[in-house]
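The values are calculated or read from the model by the stated rules, or taken from the named source; none is laboratory data. Please read these numbers as outputs of a predicted model, since none were measured by experiment. The protein model used for the area step is the full one, side chains on, heavy atoms only, and it has no ligands, DNA or RNA in it. Shrake-Rupley method; radii C 1.70, N 1.55, O 1.52, S 1.80 Å.
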Amino acid sequence: MVDIPKWHEFMRPLLEVLKENGEMYRVDAIEAVVKKKGLTEEQLALVQESNGRSKAKCRVGWASSYLRWAGALIGPKRGYFALGLNAEMLLNLERPIKRSDLT
């Protein structure tokens, strides 16, 4: 069985990608996260039965939702991601970010 990272395992890579590149179009940011995590074609081929979308990319989307809720990610304009006020605090943890870190 092919295993893919859980949604919370995409939080740090997403913040790192935005720190490296600045504001990014959502689709480009998700692609950069997938590349940064080194996901295989087999992992990317796993799709949700309900909508046929990539499970891994959807999990990056969930990570972005939680980061937005925590103030670490903002949407400066439609379809774009940028770092929020709390991003640096989460990056300074220097370990994988957990859901409990977001409160």
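A few points about this structure:
- Counting protein heavy atoms only, the chain has 50 percent of its accessible area on carbon and sulfur, 1.4 angstrom probe.
- What the phi angles of region 72-81 give under the Karplus curve with 6.51, -1.76 and 1.60, with θ = phi - 60°, is a coupling list of 9, 9, 10, x, x, 7, 4, x, 10, 10 Hz, glycine and proline written as x.
- Cα gyration tensor, region 1-53 - rounded (a/c under 1.5), prolate or oblate: prolate
- Among 78, 53, 68, the residue with the largest mean-square fluctuation in a Gaussian network model of the chain, with springs joining Cα atoms closer than 10 Å, is 78.
- Note: relative contact order over the chain, using C-alpha pairs below 8 Å and six or more positions apart, is 35 percent.
- Against the main long axis of the alpha-carbon atoms of the chain, helix 26-37 sits at an angle near 80°.
- Relative to the longest principal axis of the Cα atoms of the chain, the long axis of helix 55-69 lies at roughly 20 degrees.
- Listed options for log10 I(q)/I(0) by the Debye sum over Cα atoms at q = 0.14, 0.16, 0.24 Å⁻¹ are [x] -0.49, -0.65, -1.59; [y] -0.49, -0.64, -1.33; [z] -0.55, -0.70, -1.26. The value calculated from this structure is the one marked [y].
- Members of 77/98; 6/35; 55/77 lying beyond 22 Å, as alpha-carbon distances in this model show: 77/98; 55/77
- Sum of -39500 (n - 2.57) over DSSP H runs of 4+, divided by residues of the chain (222 nm, nearest 500): -13000 deg cm²/dmol
- Here residue 19 is the anchor, and the aspartates and glutamates within straight C-alpha reach of less than 20 Å, apart from those fewer than 8 places off in the same chain, are 9, 28, 31, 88, 94, 101.
- When the chain is treated as a GNM with alpha-carbon contacts under 10 Å, the residue of 27, 60, 17 showing the greatest mean-square fluctuation is 27.
- Solvent-accessible surface of the chain, averaged per residue with a 1.4 angstrom probe and all protein chains in place: 63 square angstrom.
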